[in-house]
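> I have a structure I would like to understand better, so I am pasting it below and will then ask my questions one at a time.
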Amino acid sequence: MDRIDRRLMAACLGLCALGSPLVFAGVAGANGAFEAGERGRVASVEDGDSLTLVGGQVVRLAQIEAPRIRDGDPAGPQARAALQGLVGSGTVELRYGGLRRDRRGRALAQVFAARQGGEAWVQEELLRAGMARVHTYADNRRDVPRLWAAEREARRAGRGIWAMPAYQVRFATPEALSGAIRTFVLMEGTVTAVERRGTVILVGFGEDRATDVTAVVPETALPLWQGGEAAITALRGRAIRVRGYVRMDRGPSVWVDHPEQIEFIRPVTSTPR
């Protein structure tokens, strides 16, 4: 975890040795109950992570990323069908754990649908079916470990997108990421170096600082980590999973502006799972 308290770090090391993915704990408020929002009947489902309510409110399902609908990629229509199957034309309840509206006016919400004997958290169900990946933002990152557990279950079972090469977890190497520039990925590797360069901290994977993969942590994000910069420095030598969009800056890099983009994992010795 990101705390540098020795007892907590020892607990993390023990759990990691058992292969349990662990999230960095952010500041207070990143976890906890969602706040109740609107209720409405579903008018249509646009894709695997967005729908429209009767009355016109467009809802973007927060904290997940479903495949886009593109020619030649069956994952997009499959994800849309999965969301349609979960919500149908029934009534859903929106709940919030961060920013409520995006620039386009869409509701950024957790969606809950009625189910016999209770309710279904739609994001969790899509992840468990392998029809989405966890994708958080600094202003929307609540209750992430539960979502990760659902994603991990699907990934290990090879469900949905996890059976498709394009969506597999990648090694944090230039070769593995060469075809993934400007796309959202999960990558895994062992941190070999951590250094501050101006207003960012570079978390490196590999021996060639000029061309190897880096996770870039801006100093403006450090207040979200308990332990601050020391928590990032403590990543050296750890096997981690990082999720985000890949960009090219000499070598491939991923911008990491909040703790929930990083998980501790067991040492990478085989194909990432």
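> Applying the selection to the stretch 113-135, what residues are surrounded by 23 or more Cβ atoms within 10 Å (Cβ to Cβ) and either under 20 Å from residue 41 (Cβ atoms) or not assigned by TED's automatic domain parsing to the domain that holds residue 64 (or both)?
Correct list: 122, 123, 126.
> Let me ask you something else. Would the stretch 170-184 turn up any residue that is assigned to a helix (DSSP H, G or I), crowded, with 17+ Cβ neighbours inside 10 Å and within 16 Å of the chain's Cα centre (by Cα)?
Scanning the stretch 170-184 turns up no residue that is assigned to a helix (DSSP H, G or I), crowded, with 17+ Cβ neighbours inside 10 Å and within 16 Å of the chain's Cα centre (by Cα).
Residues checked against (1) out of contact with any Gly (no Cβ under 9 Å at 6 or more places or on another chain); (2) modelled with pLDDT of 95 or more:
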position: 23; (1), (2): yes, no
position: 44; (1), (2): yes, yes
position: 54; (1), (2): no, yes
position: 64; (1), (2): no, yes
position: 70; (1), (2): no, no
position: 78; (1), (2): no, yes
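> If you don't mind, there's one more thing I want to ask. If you go through the stretch 216-231 one residue at a time, do you hit one that is surrounded by fewer than 20 Cβ atoms within 10 Å (Cβ to Cβ) and of a type in the set (Phe, Trp, Tyr)?
No, that holds for no residue.
> Can you go through 77, 67 and tell me which one is surrounded by 14 or more Cβ atoms within 10 Å (Cβ to Cβ) and not in a helix (DSSP H, G or I)?
Details: 77 fails: not in a helix (DSSP H, G or I).
Step by step, each of 77, 67 is checked, and only 67 is surrounded by 14 or more Cβ atoms within 10 Å (Cβ to Cβ) and not in a helix (DSSP H, G or I).
> Now for a separate question. Tally the residues that are outside any strand (DSSP E or B) and either of a type in the set (Val, Ile, Thr) or closer than 22 Å to residue 260 by Cβ (or both), restricting the search to the stretch 196-221. Break it down stepwise before answering.
So in the stretch 196-221, the residues outside any strand (DSSP E or B) come out as 198-199, 206-212, 219-221.
Okay, now just the ones that are also either of a type in the set (Val, Ile, Thr) or closer than 22 Å to residue 260 by Cβ (or both), so 199, 211, 219-221.
Summing the residues that are outside any strand (DSSP E or B) and either of a type in the set (Val, Ile, Thr) or closer than 22 Å to residue 260 by Cβ (or both) in the stretch 196-221 gives 5.
> Which of (1) surrounded by 15 or more Cβ atoms within 10 Å (Cβ to Cβ); (2) of a type outside the set (Lys, Arg); (3) under 19 Å from the mean Cα position of the chain (by Cα) is the odd one out, the single condition residue 163 does not satisfy?
(1)
> Which of the following residues is of a type in the set (Asp, Glu), within 13 Å of the chain's Cα centre (by Cα) and either on the phi < 0 side of the Ramachandran plot or modelled with pLDDT of 95 or more (or both): 229, 151?
Numbers: 229 fails: within 13 Å of the chain's Cα centre (by Cα).
On inspection, the qualifying residue turns out to be 151.
The values are calculated or read from the model by the stated rules, or taken from the named source; none is laboratory data. Treat the numbers as computed from the prediction; the structure is a model and nothing was measured. As a convention, Cβ positions derive from the backbone with ideal geometry for all residues, glycine included, and neighbour counts pool all protein chains shown.
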